Structures are given as structure tokens and as C-alpha cells.
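Notes follow once the structure below has been shown.
Bear in mind these aren't lab numbers, they're just calculated from the coordinates by the rules spelled out. Because the structure is a prediction, the values reported are computed rather than measured. Because the Cβ atoms are built from the backbone with ideal geometry, glycine has one as well, and the counts that use them run over all protein chains shown.
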């Protein structure tokens, strides 16, 4: 068998190993990102529901795409 000719690549900052985050901390981060946004839904022909958290000023544009406000 031959030796691999690829050089090892340096890790990007996003790939760096990070400390595990607790479930509660993940929920707090999720809620803070969604705070002040409007929840919009769209159901396709197979019954799958797509959820989007939309800025309030963009609601009209998303309604034109077929989404409805929660």
C-alpha cells in the first residue's frame, strides 16, 4: 500500500472543538434568536409543515410565498 499523498489541513475556527453546551443553554440561545420574530408555517402536498421564524417587516413577503402566520 502506498502512503497517502494528501497533506493534513489546518482546522478552521468553526471546526475547532467546543465545550458541550447543556440542553437548557441551547434552548435559551434558540429563544433569544427567535425573540421578536413571527412564526410562519407552510404545509406541502405530503403534509409536511415547514416552519420559519421571520422578521415582522418581512411577513408580507413570506405570505406571498404561501406561508401563513401562526
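Sequence-distant contacts, meaning Cα pairs under 8 Å at least 6 residues apart, place the relative contact order of the chain at 25 percent. How far apart, in nanometres, would the label points at residue 19 and residue 56 be if each is projected 7 angstrom from Cα along the Cα-to-Cβ direction? It works out to 3.6 nm between the two label points.
When the square roots of the Cα gyration tensor eigenvalues are ordered a ≥ b ≥ c, the ratio a/c for the chain is 1.5 or more and a/b exceeds b/c, which makes its shape prolate.
Against the chain, whose longest principal axis comes from its Cα atoms, helix 23-34 is set at around 50 degrees. With a simple spin-label model that places each label point 7 Å from the Cα along the Cα-to-Cβ direction, the separation between residue 12 and residue 29 comes to 1.7 nm.
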